[in-house]
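Taking it in order: structure first as structure tokens, then the write-up.
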Amino acid sequence: MSMKASDLFDVTGRVCVVTGGTRGIGLDMARVLCANGAEVIVSSRKADAVEAATKELSDLGTAHGIAADLGTREGIEALKGFVAERTDTLSVLVNNAGATWGAPLEDFPEAGWDKVMDLNVKSPFFLTQALLPLLKAGASRERPAKIVNIASVEGMRAGNMETYSYGVSKAGLIHLTQQLAVQLAPRNITVNAVAPGPFATKMMKGTLEMAGEDAVAGMVPLGRLGRPEDVWATTLMLASSASDYMTGSTIPLGGGLGPIA
């Protein structure tokens, strides 16, 4: 086995699905995969976002996109069909699509709870189920297929924001990662999670405007928000042979927020 980084982190020719891959952390993951030779399929609810992201990603490599609401079974089936039309095997599934909802405890709506839980926990499970035949088709002990779940440091700690269903959903996704890892290891599929801290994404926009970017950065032990480059190396590790002996793990990517603060 080569000790060169270019070989260890090589994703050339790997077929990757990144849900929620048209903005934020998902788009940053899709960018680095495309730029390093992977074929990437992104999904999002909005067709215009898919078109824009696919156009950008195609300048970096091979990319496709589909508009699908993964909070529904119909959306999951649509993405499954789109992927199956383009490949017989799937190397990497990144379950990144997610939602949040904030409201005072006394007023927190059932609709907000259900929307977050459906997209953040239910969707990754049933999308994994739907794409399992394609993941298994190309997987081997020497080259396992990869599932990467995007959790959050809010699933590792009790935060101060009144986003009750969000933290619970991400804690559930971390647990689901561990359970799927046990079940899928004999099928040569690894399952790991990333738990990002605060990044300047659209999902974080309301929080950053309300609390102030400096205040949010001040909560992070390293004293800043996450940047795209903070995502890139982690993505390549989890999508490549560099993580072949790693499964059931959750990597905190929050500048120390979560594990130590």
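Please treat every number below as a calculation from the coordinates, not as lab data. Source: prediction; values computed, not measured. Quick reminder, even Gly has a Cβ in these numbers, built from the backbone with ideal geometry, and neighbours come from all protein chains shown.
Counting only helical runs of four or more DSSP H residues, what would the 222 nm mean residue ellipticity of the chain come to if each run contributes -39,500 (n - 2.57) and the total is spread over all its residues?
Value at 222 nm, helices only: -13000 deg cm²/dmol.
Please report how many Lys pairs in the chain have alpha carbons closer than 17 angstrom, counting only residues at least 8 apart along the chain or sitting on separate chains.
For the chain, the number of qualifying lysine pairs is 9.
Find the eigenvalues of the gyration tensor of the Cα atoms of the range 19-130, then list the square roots of 5 times those eigenvalues as equivalent ellipsoid semi-axes, largest first, in whole angstrom.
27, 16, 11
Can you put SER44, SER91, SER152, SER58 in order, fewest other beta carbons within 10 Å first?
If I rank by nearby Cβ atoms, fewest first, I get SER58, SER91, SER44, SER152.
Do you know the relative contact order of the range 128-215, to the nearest whole percent, from alpha carbon pairs under 8 angstrom that are 6+ apart?
Reported as a whole number, the value is 34 percent.
So who's got an amide H within less than 5 Å of the one on GLY65, skipping anything under 5 residues away but keeping other chains? H placed 1.01 Å off N, in plane.
Residues meeting the criterion, in which the H sits 1.01 Å from N, are VAL42.
Report the extension gain between PHE125 and GLN183 in nm, rounded to one decimal, defined as 0.36 nm multiplied by the number of residues separating them, less their alpha carbon distance.
Roughly 19.6 nm would be gained on extension.
Does the range 126-261 classify as rounded, prolate or oblate by the C-alpha gyration tensor (a ≥ b ≥ c root eigenvalues; a/c under 1.5 gives rounded; else a/b over b/c gives prolate, otherwise oblate)?
Judged from the Cα gyration tensor, the range 126-261 comes out prolate (a/c at least 1.5, a/b above b/c).
Counting only residues 5 or more places away or on other chains, whose amide H sits under 5 Å from the amide H of LEU253 once H atoms are built in the peptide plane?
ALA195, GLY197
Work out from phi, with θ = phi - 60° and the Karplus expression 6.51 cos²θ - 1.76 cosθ + 1.60, the ³J(HN,Hα) of each residue of the range 64-69, listed in order in whole Hz, and give x for Gly and Pro.
With coefficients 6.51, -1.76 and 1.60, one gets 9, x, 9, 8, 8, 8 Hz.
What FRET efficiency comes out for ALA233 versus ALA111 if R0 is 51 angstrom and r is the Cβ-Cβ distance? Round to the nearest 0.05.
Given R0 = 51 Å and the Cβ-Cβ separation, E is 0.85.
What's the FRET efficiency of ALA52 with SER140 using the Cβ-Cβ distance as r and R₀ = 41 Å, to the nearest 0.05?
For ALA52 and SER140, the calculated efficiency is 0.70.
Quick one: HIS64, HIS175, fewest Cβ neighbours within 10 Å first, how do they rank?
Lowest to highest Cβ neighbour count: HIS175, HIS64.
Let me check against my output: what whole-number percent is the relative contact order of the range 1-130, with C-alpha pairs under 8 Å and at least 6 apart?
That works out to 24 percent.
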